[in-house]
Structures are given as C-alpha cells and as structure tokens.
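All remarks here apply to the structure that follows.
Bear in mind these aren't lab numbers, they're just calculated from the coordinates by the rules spelled out. This is a predicted model, so every value here is computed, not measured. We place every Cβ from the backbone using ideal geometry, glycine too, and count neighbours over all the protein chains shown.
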C-alpha cells in the first residue's frame, strides 16, 4: 500500500504540468457543480422565503365563511401535538372585512387582529414597522405605508371603520408597517386581539389559526397530520404547497435541470481523468514493466494508478471547493439588484459541498479503474523486449 | 546429480499461431550454484528468449524451468512475482531505473515491493551495495541525473538488493564504452566471488565471454557449444 502510494505520488510530482492540468480539470468541474448547486439552492431558498417566509404556511379555518373557531387555545394545543418538531410560530388570527372612512375618502380593507407576540413569529411586525409603534391598547391600529399615503393618514389620526352589519367605530393610528407586498400594505389594518374581537363581536372566537413549519416542503404532510389530529368536520386545513402548485413545479424543474448540468459536468470530468491517466499508463509502462519484473504483483501495480486517481480527486476537489465558493461569493457580491442587495444571496450548504467533493474523489478514483486494469494486463516482457 | 540452482528441462518456445517461429528447440541446461556463466550467440539466436524464460518473465511452450529447486511450471503469476523478487536479480541492456526516484530509492525498490516500508537495516544494506558499486557519492541523485555507467551500476545494485541467488543479465554493457564495460565485469566477478551469487550473462562480446567459467553458445534455438573451463 505504502509503496504504491509513494510511487503514485512520485509519478504525479514528476509530471507537474500534466498533474496541474488534470487537477484544474477536476477543480473546474467541482467548482461549476458547487456554483450551480449553490446558486440554484440559494435562488430557491430566497424565492421560497420571499413567497412563504413571512406568511402562513398551514392555515386552519372554519369551513363555513364567517364562522369562528370558538376555542382557539384548545385547538392550538391539538395542532401543536400533531407534529411538535415541525410546527412553529402558531398564531390565532381574527379578521374581517371593513370599510375605512376618512373625512373625504373611503376604501375596503381587511382588519386583522392577533396577539402581537404570537404574530411576531410569522409576520415579524416589529421589524416591519417603519414609523410609530404597535397598537397595544384598546382601539389602537397600525396601517400599511401605501394605505397611509393613499388616504393621507398620519400617526395620531383617528379613523373610522364600518363592518358589514353596520357597526362603526373610531380607531387611533399608532404606526405604519411595510410588509413589502403592496397589496397587503394597501389593504391590511392590523390591531391587537382584544380590539378586533370586541369590534367584530367574536367573543373568544378567532377566524383562523396560522402556523409555519421548519421544513417548508413538508407543509403538506404536516397539514395532513394536523387535519387527522383535529378530526373536526367544521374546520379546513390548507397549506401553501397546495396553493402554489405553479411555483413548486417551477422549482422542481429548476432542481432537475441543475442536476442534469451537474451530472454532465461530472461525466466530462471522469472522461478527462480517465483519458489522461490512460496516456500516463503508456508513458509509465517502462516503470510499471520493470516493477513487475522485480516482483510487484498486479493488484499493487494497479493500485499505483488508483492512488493517482484518488490523489488527483482530492487535490481537484480541494481546489474546486475553494474556486466554487469563491465563484458563488463573487456572484452574490458583484451581481446585484439596483438597490445594491445581491440578486441571489450567498448561500453555502456544506453538506452539498461535501457531497460534491466526495463524488469528485470517488469519480476520479473510478476513472482510474480503466488505466488500472490496463496496467494489470501489461506484460513486463513487452517492455523489456521493446526497450 | 549436480547442484543446479537453475535447471532448464526440455524447454521449447514457439512464437505465433498461424505462422510458427520456433525460438528454442527442447533445450536442456543446468547452472550450478555460484557459477559465472556466459551465454553467447548471434542476435535472433534465442538467447534472450532463454534468459527471459529462466527469469520467469516468459513461459516456455513446452518443458519446465526449475529455480532453486522449485518448478515454475504451475506457479501463479503472483507466486512467480514473489520468486523473481526473492531469488532473481535482473540487469538489462537498458537500466530501467525509475526516473522519478533517486539512486538509493531505486536500489531499495525490490525490498519495498515485498516489505513496503524501509527499515534502518535495509537502508544500511542499500548504502553498502551502492558503496560496493562505487556510487556512494551520487546515491541521492535522481536516476536521470547520472551517467550511463552510473545508471547501469545502480541497476546492478538494485538487482543485488534482495540478496538473490541468481543474477540474470542481458547485454548489461551493451550500451557502455569498453572501459566501463571492464569495470562492470570486474564488479560482477567480485560479487560472484564474495557472495557466491550465480551469474548468467548474455553477451555478444566474445572478449567478455572468455572471462566466464562457462560459455554456452546458442545457435538457431539449439545449444551449439558448451564449454566449461
């Protein structure tokens, strides 16, 4: 083993140019793999985060429109128990449509109320506040930036809301939020739980229970588990995957195409290594022949070339990981949106990188198999006869 | 029966399947332990074929070769490799040193093929052999950074490393000038006398052959002359 390794190392060292060329070939292959893989994963992560990162991923609501969930705390407990590891950021939301009236204008809005602390998990309202503060007292509300501009509302203003049954009430605006989705900024008015429940006269009841899951792609499975656990015909459980089928098929298409690219890169790397090592067998046939004449067994002679493949793989993977991370980082740093934020965020998945490097090393070693077999077939007599 | 360290019994070698070329015709030959033998003959006479068969690098079409009392006829490739490593030392017309390694490393190669790692004792022996062939000053030179004579002497040192019973040499001085040739044969003789190593040397140089204890001439695959001094 040691001798085969030493000879492999010496062979690689003796033809430095050739070694550098193969290492570069492997490194470029690995770096493209890591770059494309990281790019696609980063892209998907940011896309999903933008789409459902600050939204309910599983929603439990009453089947009949306008009905309420009467004992939300008990239901929340049941829901949590369905999959305690996955389900996070549970929040009970009470909401209803209303007409917002100012002195000279009126518009339809959705009044949503929840416990501010519970809602922080999904909506991160505290981070989304642009002005003022959360309305924690009775009849205090916060409104979206776009709505405030459209209706020229300022902090400290009083606004009137009317709900479908004709009830009207005055509310104090304490702050503006920006959820980064224009339609929500225009149509949502947020308040605390007590205010909304009193205004909409729901008592203890809430409109829906929203939650997120740790693995967003498991939302459908978790939703099914929640449904089973609740076992209640009057409730419906929806999940983001069911409502974003087009997005999901786009993502899986992307994953498949990135996988294809990676596979072809891998094949070209393997072919490259195999062909260069095959040439190297011809170059080193004298040495191999004489080693065999001196009593080296065939498997050991083959091992010399397998070690060469292995060493080249390790070296190439090492350089490739560096190149790939550098490439991903430069892409994230220099390819930016007009506002200076990166188009695709820099994202490193060490497990993916480890797998890429592992595949490269395995593939390089495997690529050395063909030359290794040729070596074992080499007859020392041929070398000695032909000089 | 004589004390043969190498015995060739009824060995024939035929090349080719469609058109058969007979290189050796049922040769019977024995070499005694510690003897110094020369095989001579014109090119194409079959002498190299005979040496390669004795060295188990080639298999005879018929007959058998017995080395150090062991018949090589039914040995596997692996066993033959071990036999070569332990019992035989080769010196060819071309030195076949590994250019990637230094002289010392090349000499240690046969030892490492069996043992893997080099211990202090084997290192000392390699240096002693290099000393014997007069290369102690260039032991750390790469094989490519030595003169032709030095390379061939390194190849001889390598052949001696595992203390083989037999050294097979095929035109070992074919590429060397006459002065170097002389010094190489003196070296062979010295090793033969000091260590009792059996030498079988192919040469077309009659002057060289005459210094041997025994001269075997091969002509068209047959022994045409066998002189023991």
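How many nm is it between the label spots at residue B:64 and residue A:254, if each spot is 7 Å from the Cα in line with the beta carbon?
Label-label distance for residue B:64 and residue A:254, simple model: 7.4 nm.
Could you work out the relative contact order of chain B? I mean the mean sequence separation of Cα pairs under 8 Å and 6+ apart, divided by the number of residues, in percent.
Working: 436 pairs, mean separation 67.3, N = 229.
So the answer I get is 29 percent.
Can you tell me the orientation of helix B:120-132 relative to chain B, as the angle in degrees between its alpha-carbon axis and the longest Cα principal axis, to the nearest 10?
70 degrees
Which of rounded, prolate, oblate describes chain B, given a ≥ b ≥ c as roots of the alpha-carbon gyration tensor eigenvalues and a/c under 1.5 marking rounded, otherwise prolate only if a/b is larger than b/c?
Working: a/c = 1.73, a/b = 1.44, b/c = 1.20.
Since a/c reaches 1.5 and a/b is larger than b/c, the shape of chain B is classed as prolate.
Using the Cα gyration tensor of the stretch A:135-257, with a ≥ b ≥ c the square roots of its eigenvalues, what is the shape: rounded (a/c below 1.5), prolate (a/b larger than b/c) or oblate (neither)?
oblate
Within 10 Å of each Cβ in peptide B:39-52, how many partner chain Cβ atoms are there on average? Round it to a whole number, please.
The shielding value for this peptide is 1.
Please give the helix B:148-160 orientation as an angle from the longest Cα principal axis of chain B, in degrees from 0 to 90, rounded to the nearest 10.
Helix B:148-160 sits roughly 80 degrees off the main axis of chain B.
Rank these for me by crowding, B:101, B:90, going from fewest to most other beta carbons within 10 Å. Intermediate values should be presented prior to the final figure.
Working: B:101 19, B:90 28.
Ascending Cβ contact count within 10 Å gives the list B:101, B:90.
Compute a Gaussian network model of chain A, connecting alpha carbons closer than 10 Å, and tell me which residue from A:371, A:164, A:338 fluctuates the most.
A:338
Within 10 Å of each Cβ of B:114-123, how many other protein chain Cβ atoms are there on average?
2
What nm distance separates the two modelled labels at residue A:178 and residue A:127, each placed 7 Å from Cα along Cα→Cβ?
1.5 nm
Relative to the longest principal Cα axis of chain B, at what angle does helix B:77-87 sit, 0 to 90 degrees, rounded to 10?
60 degrees
I'd like the distance separating the alpha-carbon centroids of the stretch B:12-73 and the stretch A:202-229, in whole Å.
87 Å
Taking square-rooted eigenvalues a ≥ b ≥ c of the alpha carbon gyration tensor, is the stretch B:67-178 rounded, prolate or oblate, where a/c under 1.5 means rounded and, failing that, a/b exceeding b/c means prolate? Don't skip to the end; give the middle numbers.
Details: a/c = 2.06, a/b = 1.37, b/c = 1.50.
Oblate is the answer for the stretch B:67-178, as a/c is 1.5 or above yet b/c matches or exceeds a/b.
Which residue, B:107, B:133, B:14, has the most motion in a Gaussian network model of chain B that connects Cα atoms within less than 10 Å?
B:14
Can you give me the C-alpha center-to-center distance between the stretch A:240-315 and the stretch A:16-68, rounded to a whole angstrom?
So the two Cα centres are separated by 25 Å.
With each pseudo-label sitting 7 Å past Cα toward Cβ, what's the residue B:175-residue A:101 distance in nm, one decimal?
10.9 nm
Please average, across the residues of A:282-294, the number of beta carbons from any other chain that are within 10 Å of each residue's own beta carbon, and give a whole number.
What the average comes to for A:282-294 is 5.
Compute the relative contact order of chain A as a whole-number percentage, counting only Cα pairs closer than 8 Å that sit 6 or more residues apart in sequence.
Working: 659 pairs, mean separation 107.7, N = 387.
Answer for chain A is 28 percent.
Would you please put A:65-76, A:170-181 in order of how densely packed they are, using the mean number of other Cβ atoms within 10 angstrom per residue and starting with the highest? Each step should come with its number before you reach the end.
Working: A:65-76: 15.3, A:170-181: 18.1.
Highest-to-lowest ranking by the protection proxy: A:170-181, A:65-76.
Rounded to whole Å, give me the distance from the Cα center of the stretch A:130-190 to that of the stretch A:326-387.
56 Å
Apply 1/(1 + (r/R0)^6) to the Cβ-Cβ distance of residue A:267 and residue A:85, taking R0 = 35 Å, and write down the FRET efficiency to the nearest 0.05. Write out the running numbers ahead of the final one.
Working: r = 39 Å, r/R0 = 1.12.
For residue A:267 and residue A:85, the calculated efficiency is 0.35.
Between residue A:117 and residue A:234, how high is the FRET efficiency from 1/(1 + (r/R0)^6) when r is the Cβ-Cβ distance and R₀ = 25 Å? Nearest 0.05. Please report the intermediate quantities before stating the final value.
Values: r = 28 Å, r/R0 = 1.11.
The formula returns an efficiency of 0.35 here.
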